[in-house]
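The values are calculated or read from the model by the stated rules, or taken from the named source; none is laboratory data. This is a predicted model, so every value here is computed, not measured. Note that we place each Cβ from the backbone using ideal geometry, even for glycine, and neighbour counts take in every protein chain shown.
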């Protein structure tokens, strides 16, 4: 029975249904439980004013923002993994998240995120993208070699830049007052508490721009999976693709970090989880967006309902859920690989071997003396010429003889037992 193609509309429809269900569930659960009827009336603008305010101004923007942030982080992780050919690549490891956090913190200290400031919902993500862009430039400068991005050095440079960004963050936080420092620390751990309709619109614009840049590169990602040289022979502009993908992934991660802080394991776990359902990188990017959104909305629902009315960091929830799940995925992936086959042992010289494929009517020797003037022939010797035994008896064997063996006619290569006994 043949299996159908992986990925495609069935997997996307299943993940879309899961995303819709977790969004609807997040509207019901919280410090103030609501019934489905009350939520429906509140979505339509009817019913109690407090219920309408809770659903339309607090929970719905928070759920939509969680879906966008999770999708952006997952797509960014999938793109970086395809770009580097490394399944452990994610925005945090490459320094993108750290640079975006530095840019956002500097912008907030200058009042860009204040209420009433110009474009407050768009300004902080822009400041985060500028910080991420500086980190990308630093990583690219450290990973460039002869005008090309070395994918192996890119990961090492990202780790160094991420450490530098963490040091800058600690330095900036140490200069602020206690109240602002506590607010920024909670934001750095990841939180959707500041969700507003303006933030949802701003992040939707940045996410749409990043997806418009990455989705057309799906065919190039498929070719890069075969190697840069193979992709270049297929007509893929490798260097241009790497730069566009790196910038687009940085834009998505920077916008997400500027809105909700640093949230780990989404860009690392989700691409691994949906990779088995995706046939190519085009389906992988779409499924990653849906799966990342569903994961982050479910994590945020747990973060604000486990110890209600208190709220814990959503980054802590994703780490608690993601670390064991990632280990399980790694173990399942390792166990699904076929075991390496043992190398077949070479047949004994007295048995019929595969030499008849190369020399017609060749018979195996029955004694050690197989050729005139020599006790050891190519077939029975351990290939002193450095080639395999079958190479010695290839079609051009007269021009390839073993070292130390005398030239002999093709008819004297093998002799029957009767002819040897008659001598």
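Checking 73, 19, 34, 68 one by one, the residue that is under 24 Å from residue 307 (Cα atoms) and under 38 Å from the mean Cα position of the chain (by Cα) is 19 and no other.
If you go through the stretch 236-278 and pick out every residue that is closer than 17 Å to residue 85 by Cβ and out of contact with any helix residue (DSSP H, G or I) (no Cβ under 7 Å at 6 or more places or on another chain), you end up with 2.
Among the numbered conditions (1) over 24 Å from residue 137 (Cβ atoms); (2) in contact with a helix residue (DSSP H, G or I) (Cβ under 9 Å, 6 or more places away or on another chain), the only one that residue 226 does not meet is (2). Can you spot a residue in the stretch 260-267 that is more than 19 Å from residue 187 (Cβ to Cβ) and either at pLDDT below 90 or surrounded by 24 or more Cβ atoms within 10 Å (Cβ to Cβ) (or both)? Within the stretch 260-267, not a single residue is more than 19 Å from residue 187 (Cβ to Cβ) and either at pLDDT below 90 or surrounded by 24 or more Cβ atoms within 10 Å (Cβ to Cβ) (or both). Here residue 232 qualifies as modelled with pLDDT of 85 or more, part of a helix (DSSP H, G or I) and more than 17 Å from residue 66 (Cβ to Cβ). Checked against the criterion of being assigned to a loop (DSSP other than H, G, I, E, B), assigned by TED's automatic domain parsing to the domain that holds residue 66 and more than 26 Å from the chain's Cα centre (by Cα), the candidates 199, 167, 195, 179 yield just one match: 195. Answer yes if at least one residue in the stretch 90-110 is in the same structural domain as residue 264 (by TED's automatic domain parsing) and more than 21 Å from residue 263 (Cβ to Cβ), and no otherwise. Yes. Restricting 66, 71, 77, 30 to those that are closer than 26 Å to residue 188 by Cα, touching a helix residue (DSSP H, G or I) at 6+ places or on another chain (Cβ under 7 Å), touching a residue at least 24 places away in the same chain (Cβ under 8 Å) and part of a loop (DSSP other than H, G, I, E, B) reduces the list to 30.
None of 19, 83, 15, 58 is in the same structural domain as residue 213 (by TED's automatic domain parsing) and modelled with pLDDT of 90 or more except 58.
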